[in-house]
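In what follows, a single structure is set out as structure tokens and then discussed.
The values are calculated or read from the model by the stated rules, or taken from the named source; none is laboratory data. Just so it is clear, the model here is predicted, and its values are computed rather than measured. Note that we place each Cβ from the backbone using ideal geometry, even for glycine, and neighbour counts take in every protein chain shown. With ligands, DNA and RNA removed, areas are computed over all heavy atoms of the protein, side chains included. Shrake-Rupley method; radii C 1.70, N 1.55, O 1.52, S 1.80 Å.
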Amino acid sequence: MALFVLTIDGIAQVPDRMIAVTIDDLPVVSTRRDLKNRLEITRKLLEHITKAKVPAIGFVNESKLYAGGTREEKQVDLLRMWVDAGLELGNHTFSHRSLNAITLDEFQADLLKGEPITRELLATKGKTIRYFRHPYLHTGLSMEVKASFLTFLNEHGYTIAPVTVDNADYIFSAAYDKAFDASDKVLMKRVGEAYVPYMEAKIDYWERQSKQLFGREIPQTLLIHANFINSDYFDDMAAMFKRRGYKFITLEEALKDKAYRLPDTFIGPAGISWLHRWALAKGRDFLESNEPKMPDFVLKASGFESE
Ligand SMILES: [Zn+2]
């Protein structure tokens, strides 16, 4: 990993890098479902984000704000904490269903159902909802569906929030949740200590993929989740990014880079990084190989069968 570039006078310089942090499945995604734990996860995550001055955006599933069809004000308050921290919120659909599994009409209805509370909270800060993130990064199985959905998004004032730094933080967090539920502190620590090194290996990979495709490092867009492991390790991760020369920018700023004007023509079933979508469109030779895998013990502890 080449972290530093030596200049003529031999002084190490950190490269200029930019990254937008996007956080999905708000207010919280964890097996720790009781309000006290959800509040603690939210409070700690926002504390880290604020301290590291990260202009993050959170993507909401409003279904989590209801119990038995009734709006739960205490869950809404968790979201309000994000807005009060000065952060932007986007739409991640009401119930987190895959566009590849239901009809476009059903999907669009689920998207619209997922915006009223987010709109209401943003309005208290004079903001409006601007970005949409596909659940599972599933973007449709035909160009017809993609084109119709894009028209729908335009009509409703949404911009798609792409992801370049794809990773499996949710598998780490599932392992962390399970170890917590089993009161296995040793495993929790082991999973936690493997997390930031894994994310660094991923970042290194996406930096290489960007250079392979564009001959330069574009402003990256990171996807992580509002989960337990990030509430404990976001500060270590932010420090890792800073050490690698990253400046945290808004999603809006990242998307100004011309790379993001390239179309997404991917119609496969997987939810993959936009860097891979663009690389596949250009030809398989542009795909960077050796994408890092997660440690076996984490996968095993998570209960997931594969990444
Ligand atoms: Zn999600």
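Here are the numbers:
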{"item": "Hits in the stretch 90-138 - residues which are within 11 Å of the ligand (Cβ to nearest atom) and β-branched (Val, Ile, Thr)", "result": "93"}
{"item": "Count - residues of the stretch 152-175 that are part of a helix (DSSP H, G or I), of a type outside the set (A, V, I, L, M) and open to solvent by 10 Å² or more (accessible area, probe 1.4 Å)", "result": "4"}
{"item": "The listed residue being more than 16 Å from the ligand (Cβ to nearest atom), under 17 Å from the mean Cα position of the chain (by Cα) and crowded, with 22+ Cβ neighbours inside 10 Å, out of 241, 228", "result": "241"}
{"item": "Those residues of the stretch 70-108 which are farther than 30 Å from residue 142 by Cβ and open to solvent by 70 Å² or more (accessible area, probe 1.4 Å), in sequence order", "result": "70, 71, 72, 73, 74, 80, 84"}
{"item": "Residues satisfying the stated conditions in the stretch 19-39, i.e. within 16 Å of the ligand (Cβ to nearest atom), of a type in the set (Val, Ile, Thr) and open to solvent by less than 10 Å² (accessible area, probe 1.4 Å)", "result": "21, 22, 23, 28"}
{"item": "Search result, residues across the stretch 268-307 that are in contact with a helix residue (DSSP H, G or I) (Cβ under 6 Å, 6 or more places away or on another chain), farther than 20 Å from residue 191 by Cβ and not in a helix (DSSP H, G or I)", "result": "271, 287, 288, 291"}
{"item": "Filtered residue count, the stretch 57-69, keeping only those that are within 15 Å of the ligand (Cβ to nearest atom) and either surrounded by fewer than 14 Cβ atoms within 10 Å (Cβ to Cβ) or hydroxyl-bearing (Ser, Thr, Tyr) (or both)", "result": "1"}
{"item": "The one condition in (1) out of contact with any His (no Cβ under 8 Å at 6 or more places or on another chain); (2) within 16 Å of the ligand (Cβ to nearest atom); (3) in contact (Cβ under 8 Å) with a residue 40 or more places away in the chain that residue 156 fails to fulfil", "result": "(2)"}
{"item": "Single match in 204, 257, 235 (criterion: surrounded by fewer than 19 Cβ atoms within 10 Å (Cβ to Cβ) and touching a strand residue (DSSP E or B) at 6+ places or on another chain (Cβ under 9 Å))", "result": "257"}
{"item": "Qualifying positions in the stretch 89-120 - among the charged types (D, E, K, R) and more than 17 Å from residue 145 (Cα to Cα)", "result": "113, 115, 119, 120"}
{"item": "Any pair with Cβ under 9 angstrom, 6 or more apart, that starts in the stretch 236-252 at a residue that is at positive phi and ends at one that is surrounded by 15 or more Cβ atoms within 10 Å (Cβ to Cβ)", "result": "245/17"}
{"item": "Cross-chain or 6+ apart pairs with Cβ under 9 Å, the stretch 27-38 first and among the charged types (D, E, K, R) and at pLDDT below 95, then away from the ligand (no atom under 16 Å from the Cβ) and open to solvent by 70 Å² or more (accessible area, probe 1.4 Å)", "result": "32/180; 32/181"}
{"item": "Residue match in the stretch 40-51 (condition: part of a helix (DSSP H, G or I), of a type in the set (S, T, N, Q) and either open to solvent by less than 50 Å² (accessible area, probe 1.4 Å) or more than 16 Å from the ligand (Cβ to nearest atom) (or both))", "result": "yes"}
{"item": "Residue in the stretch 209-220 that is out of contact with any Leu (no Cβ under 9 Å at 6 or more places or on another chain) and open to solvent by less than 10 Å² (accessible area, probe 1.4 Å) present", "result": "no"}
{"item": "Residues of the stretch 176-199 that turn out to be among the small types (Gly, Ala, Ser) and buried (at least 20 other Cβ atoms within 10 Å of the Cβ), as a count", "result": "1"}
{"item": "Complete set of residues in the stretch 79-122 that are touching a residue at least 24 places away in the same chain (Cβ under 8 Å), β-branched (Val, Ile, Thr) and under 14 Å from residue 135 (Cα atoms)", "result": "93"}
{"item": "Residue 121 vs. criteria among the aliphatic types (A, V, I, L, M), in contact with a Phe, Trp or Tyr (Cβ under 6 Å, 6 or more places away or on another chain) and surrounded by 17 or more Cβ atoms within 10 Å (Cβ to Cβ)", "result": "no"}
